[in-house]
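See below for the structure under consideration.
Every number in this text was worked out from the coordinates using simple rules, so none of it is lab data. Please read these numbers as outputs of a predicted model, since none were measured by experiment. In this analysis, Cβ positions are derived from the backbone assuming ideal geometry, glycine residues included, and neighbour counts consider all displayed protein chains.
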Ligand code: SF4
């Protein structure tokens, strides 16, 4: 993963993580958007939002999400719906295949777990899909308040720049990537921390021309310190 050996890398992470978490949390108070799916701890609502947000802009998802939750407020109601009913609501987002997936996941949760989301990672991966670590961690963090990381292209970029590392191709599929970012997740304010990372990656640590001068992490970031 890195040009540095594991022990040096972990020392670097350890020496920076308190500032990273504190500065990020402070920044997010005034800068993180207030999306409707951030005002719920219902794992079902979190799962719906994550499935709608996949490869889709948050601004396009807001109204669809609200309509979806009004129509199917519980996983039980979603499990009894028809795929056509789901498609009617999410059509504007494209990717019709999402309707089948939502219906089948809802059915599994109702039939196998009586409508209650399991809390174990292995059970969630079995339901949502082994390739869906991001969605599973989002449910665990935002819906079940578990101390787990979120890792997407934005978070990957931030950590690569802060630590001068390269996670390599398909980083989101590698256990080592998730393991490294998991060492920084704080015990408290877990949701706010993960939201803040996602938000910083979109608004400040952008792929091109990152705004290092106004970044709350510039004092602990290798890239920011050089720029
Ligand atoms: S200082 Fe620059 S490169 Fe580092 S995290 Fe902030 S925006 Fe990204």
Highest mean packing first, using Cβ neighbours within 10 angstrom, the peptides 135-142, 101-108 sort as 135-142, 101-108
Yeah, the chain with a ≥ b ≥ c from its alpha-carbon gyration tensor (a/c under 1.5 is rounded, else prolate when a/b outruns b/c, oblate otherwise) is prolate
Quick calc, residue 116 & residue 222: beta-carbon distance into FRET formula, R0 45 Å, rounding 0.05, result 0.55
Placing each pseudo-label 7 Å from Cα in the direction of the beta carbon, residue 211 and residue 76 end up separated by a distance in nanometres of 4.6 nm
Per the stretch 62-132, sqrt(5λ) over the Cα gyration tensor eigenvalues, sorted largest first, in Å, gives 21, 14, 11
With a ≥ b ≥ c from the Cα gyration tensor eigenvalues, square-rooted, and the rule rounded for a/c under 1.5, otherwise prolate when a/b > b/c and oblate otherwise, the stretch 146-203 is oblate
With -39,500 (n - 2.57) per DSSP H segment of 4 or more residues and division by the full residue count of the chain, the 222 nm estimate, nearest 500 deg cm²/dmol, is -18000 deg cm²/dmol
Per the 1/(1 + (r/R0)^6) rule, R0 = 25 Å and r from the Cβ atoms of residue 22 and residue 153, FRET efficiency to 0.05 is 0.55
The chain, Gaussian network, Cα under 10 Å: of 149, 216, 33, the residue fluctuating most is 33
For 188-199, 89-100, ranked highest to lowest by mean beta-carbon neighbours within 10 Å, the order is 188-199, 89-100
